[in-house]
Amino acid sequence: MRIHLAVGVGALTATLLVCGGSAIAAAVEPGGSSDVGVDVDIARVTTPGVLVMTVAPGRANLVEDGSTDTVRRFTGSLPQVTVTDTRDPAQLATSSGWYVLGSASVFTGAGGASIGADHLGWRPKLITGDADTVSIGGDVGTSLDENTGDEAATNRGLVDKELLALGDPQSLPDGGVTSTATADLTLKVESTVPAGAYSSVITLSLFE
C-alpha cells in the first residue's frame, strides 16, 4: 500500500503567503437554480483481520527557521500516519511484522530549478501506541548536515526508502493495536538556491 503526500516549500525569499477568500451569496431569480455541495466522510471498517495505513489529510508545509548566511533551513511536520492492525493470533503467528517506509522526490520549482531529495531529512516520533510493540525509525539528516562519527551514514536525506515505524506482531495484544507516528521534517539548501516555490512528494509505503 502506497500513499503519496505533497510537500510544499514557500518562496525562498522567506515570504509566507496566506491565501484566503470570502463567500458571496448568489442571487437566484425565479426559474433559476443554485447548487449545494454535500460531503460525507465514511471511515474504513476495521474488522478483525485488517492491516491498514491511513494518513491525515493536508500538505506538509515547510517554513524558514534557523537559517545562516550559508545554509537556509526550513522545517515542518509530516501529517500523522496511523497503522491499524487487527489481525487474529493465527495470522500474527506467521507474520514477520509490518513497517512503513518513506521516500521523497526531487523538489521542483519554476524555470526548471530543483532541489535534490538528499536535502530533506526527518526525525520520526511515536504519537500514540505502545513502545513495546511499535518502534520508530532513526533520524535521517540532510546532505548539508555536518558528518561526524556514526551520523555520517545517516545524513543522506530521503532519497531512498527510510523507516518511519515498524510493528512487532508477536508482541501485539489480543484485539490488535492502532498506532500513530509522524516526523519532524527539515530541508536545508545552499543560500545560492534560486528563490521561488518548490514542491516535492513523499511516498509512504506499508509492508508486511
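Read the figures in this text as sums done on the coordinates, not as results from a lab. Treat the numbers as computed from the prediction; the structure is a model and nothing was measured.
Brief remarks on what is shown
- Shape class for region 49-142: prolate, because the ratio a/c of the largest to smallest gyration tensor axis (alpha-carbon atoms, square roots of eigenvalues) is 1.5 or more and a/b beats b/c.
- Under a 5 Å amide H cut-off, with hydrogens placed 1.01 Å from N, A165 pairs with V100, G137 among residues at least 5 apart or on other chains.
- For region 58-63, 3J(HN,Hα) per residue [Karplus equation, 6.51 cos²θ - 1.76 cosθ + 1.60, θ = phi - 60°, Hz, x = Gly/Pro]: x, 9, 9, 8, 9, 10
- Working note: Karplus 6.51/-1.76/1.60 with θ = phi - 60° gives region 180-196 the couplings 10, 10, 8, 7, 7, 9, 9, 10, 10, 9, 5, 5, 8, 4, x, 5, x Hz, where Gly and Pro are set to x.
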